Amino acid sequence: MDTTGLTRRQLLSSGGVMLGYVVLSRNLPPRTPLPEDSEKVVAGVVENVESPRILKVRSFRKKPVSIQFSDDATFWRGRSGRVAGLDAFIPGDEVVAEGQLVADGFAATTLMSLYRAIEGRIVQQQGNNLQTSSGAVRLTPDTTLLRGDGFVSKSLDELAVGDYIVGDAWHDPLTDDLIVMRIGAREAGV
């Protein structure tokens, strides 16, 4: 099985949404533009949970949005995967809501953590903390390996300075770390 790409179903089942970021540090601008809010999607940062069914988000375009969730909405957060409701989310969580734009805000059926595409060469390693040419990330016991064409067969313990890595990471607002969810070492020249 080729795991270098993800179907939407695979991505949703992993508990997050990955947008076109190719940068590790929040201090650097993304290489691709942030997504525009649309009639069907709102992406941004959680400001607060107003009730069990209402979430206030500041979109990446700095616009405040009130999101109301249906009774049968599904919620996916970071390393936790599927969660019971909005109480799992905290201010600072980067999220994407799917639903429909309505007159007084946004009516959503799904809320997911946003994942960032990560890419860079490991320049320093201290335990589970990797400093790369693009920024810092942290491995956890939940981090899984990407395998398939173009990837070197290495375990997480075998990753080393000089390896060129790609994967996806979730921003943990409590620690301000980028937590690697999936990672793989690329073959030279790929």
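The values are calculated or read from the model by the stated rules, or taken from the named source; none is laboratory data. Please read these numbers as outputs of a predicted model, since none were measured by experiment. Methodologically, a virtual Cβ is constructed for each residue, glycine included, from the backbone with ideal geometry; neighbour enumeration extends over all protein chains shown.
Computed quantities for the displayed model
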item	result
Complete set of residues in the range 106-124 that are polar (S, T, N, Q) and either surrounded by fewer than 22 Cβ atoms within 10 Å (Cβ to Cβ) or at positive phi (or both)	T109, T110, Q124
Residue count for the range 137-170, restricted to those that are free of Cβ contacts under 8 Å to residues at least 40 places away in the same chain, in a strand (DSSP E or B) and under 27 Å from S80 (Cα atoms)	2
Number of positions in the range 39-58 that are in a loop (DSSP other than H, G, I, E, B) and among the charged types (D, E, K, R)	3
Within the range 55-81, tally of residues that are touching a residue at least 24 places away in the same chain (Cβ under 8 Å) and either among the small types (G, A, S) or under 17 Å from I179 (Cβ atoms) (or both)	9
Pairs where the first residue, in the range 88-110, is within 11 Å of F69 (Cβ to Cβ) and touching a residue at least 24 places away in the same chain (Cβ under 8 Å) and the second is surrounded by 16 or more Cβ atoms within 10 Å (Cβ to Cβ) and among the acidic types (D, E), C-beta under 6 Å, 6+ apart	T110/E98
Within the range 48-66, considering residues that are in contact with a helix residue (DSSP H, G or I) (Cβ under 9 Å, 6 or more places away or on another chain) and closer than 16 Å to G99 by Cβ, the one surrounded by the most Cβ atoms within 10 Å (Cβ to Cβ)	L55
Residue check for L174: out of contact with any strand residue (DSSP E or B) (no Cβ under 7 Å at 6 or more places or on another chain), of a type in the set (A, V, I, L, M), touching a residue at least 12 places away in the same chain (Cβ under 8 Å) and within 29 Å of V49 (Cβ to Cβ)	yes
Subset of the range 81-105 [surrounded by fewer than 20 Cβ atoms within 10 Å (Cβ to Cβ), among the hydrophobic types (A, V, I, L, M, F, W, C) and modelled with pLDDT of 95 or more]	V83, A84, A88, I90
Residue ranges of strands (runs of 3 or more DSSP E) in the range 59-105 with at least 1 members within 13 Å of W170 (Cα to Cα) and β-branched (V, I, T)	94-102
